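For reference, the structure is listed below as structure tokens.
The values are calculated or read from the model by the stated rules, or taken from the named source; none is laboratory data. Model, not experiment: these values are computed from the prediction. Note: ideal-geometry Cβ built from the backbone for every residue, glycine included; neighbour counts use all protein chains shown.
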Amino acid sequence: MSRILKVNALSSINWTEALEQFLFWKKAQGISEQTQKDYNQQVRLFFKRYPDSFDSMERLKHNGLHYLGQDGIKPCTFNNRLVYLRTFFNWCLDQSLIEFNPILSIKKRKDEGRVVSISYDVLKQLLEQPDTRTFVGLRDYALILLTLDTGIRPKEALTLSPVDFNPNAQEIYITSEKAKTRVSRSLPISVPTVKAIRQLLSVRPVDWSEDVTIFCTYEGRKLNRHTWGDRLEKYSKSIGVMIRPYDLRHSFALEYIRNGANALTLQKTLGHSDLTMTKRYVALTNNDLKREHMTASPINKLMPETKRIRKL
């Protein structure tokens, strides 16, 4: 049974009831279904490990600090735990369910991010793996192309419907309901991507409704991120290089910048609310930095290199 936290005689509630009310509140704010699931999962994970946390403020503080202070967790994992729990505890505080937020002053850890740079040769090998003579193979091929062409998030790509595809305008439209940030955006797509998606849609059974997503299973069911990850893992084993769904998004971002695009354009294309997250995708390799330095250093103008003259 869920524990009950008693701040005073007028306020008592168990954590499951608090979480349920919190999720209703977050839903009213317009957060995506996936974000709701993430909050639910993260908060439940904490209370599953520390079921006595709502016994008292002392226990809540002790358990919260112990949970975040575990050894060996990556910065990304730490930050996720912190953000979800802190938001939940802030809500509990606003509702007078707790006396204070025990993790309010804890700061995020610096996360350098996982910079993935996949060579063009490897990407070409990846595109050769799907058997485009089958529906599943054609779907995988088109989805790889779309991600490399736009940097679209896997979750967003897997929710696209045929009505979101405009071949004449060469665009994919992500509605606010499907966008992670709840802000709609249009993504230009290249001719090969248009052709691949067109071909995929042309082989769909005529009795499938427009509600069936573009990148679905061969039975017309929604393809989930885990299955898509498994498909990429299968192809990765064939070429000897591990490639995950988000790695394709990373590769798009890196090559986009290397080919001359600016960070603001990339931010809009990736659907980031600010440049903070975008900077993780444009982290450059040492070779990129050296090349930029050779081109941009003011010393090149102050002291231009001259041909060496040998001593006579």
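Which pairs turn up if I take residues in the stretch 239-268 that are among the hydroxyl-bearing types (Ser, Thr, Tyr) and look for partners that are assigned to a helix (DSSP H, G or I) with beta carbon separation below 6 Å, at least 6 apart in sequence or on another chain?
As it stands, the answer is Tyr256/Leu266, since those pairs meet every condition given.
Look at the stretch 42-75 and say how many of its residues are in a helix (DSSP H, G or I) and within 21 Å of Ser105 (Cβ to Cβ).
16
Give the residues of the stretch 189-211 that are loosely packed, with under 14 Cβ neighbours inside 10 Å, of a type in the set (Val, Ile, Thr) and touching a residue at least 24 places away in the same chain (Cβ under 8 Å), sorted by residue number.
Residue satisfying the conditions is Val203 alone.
So, in the stretch 212-222, of the ones that are in contact (Cβ under 8 Å) with a residue 40 or more places away in the chain and surrounded by fewer than 14 Cβ atoms within 10 Å (Cβ to Cβ), which residue ends up farthest from Thr134 (Cα to Cα)?
Taking the candidates together, the pick is Lys222.
Take Ile31 and tell me if it is modelled with pLDDT under 95, hydrophobic (A, V, I, L, M, F, W, C) and under 30 Å from Thr159 (Cα atoms).
Considered against the rule, which asks whether it is modelled with pLDDT under 95, hydrophobic (A, V, I, L, M, F, W, C) and under 30 Å from Thr159 (Cα atoms), Ile31 comes out as yes.
Under 7 Å between Cβ atoms, at least 6 apart or on separate chains: pull out the pairs that start in the stretch 92-116 with a residue that is closer than 20 Å to Asn79 by Cβ and outside the structural domain of Arg59 (by TED's automatic domain parsing) and end on any residue that is of a type in the set (D, E, K, R) and modelled with pLDDT under 90.
The qualifying pairs are Gly113/Arg280.
Can you tell me which residue in the stretch 118-142 is nearest to the chain's Cα centre (by Cα), limited to those that are among the polar types (S, T, N, Q) and not in a helix (DSSP H, G or I)?
Residue satisfying both the conditions and the ranking: Ser119.
Considering only the stretch 248-271, state which residues are of a type outside the set (A, V, I, L, M, F, W, C) and crowded, with 19+ Cβ neighbours inside 10 Å.
Arg249, His250, Ser251, Tyr256, Gln267, Thr269, Gly271
How about the stretch 10-41: which of its residues are outside any loop (DSSP other than H, G, I, E, B), more than 26 Å from Gly69 (Cβ to Cβ) and more than 28 Å from the chain's Cα centre (by Cα)?
Once the filter is applied, which keeps residues that are outside any loop (DSSP other than H, G, I, E, B), more than 26 Å from Gly69 (Cβ to Cβ) and more than 28 Å from the chain's Cα centre (by Cα), the stretch 10-41 yields Ser11, Ser12, Ile13, Glu17.
If you check Tyr120 against the conditions, is it of a type in the set (Ser, Thr, Tyr) and touching a helix residue (DSSP H, G or I) at 6+ places or on another chain (Cβ under 7 Å)?
No: the conditions fail for Tyr120.
Test Leu127 against the stated conditions and say whether it is out of contact with any strand residue (DSSP E or B) (no Cβ under 8 Å at 6 or more places or on another chain) and surrounded by 20 or more Cβ atoms within 10 Å (Cβ to Cβ).
no
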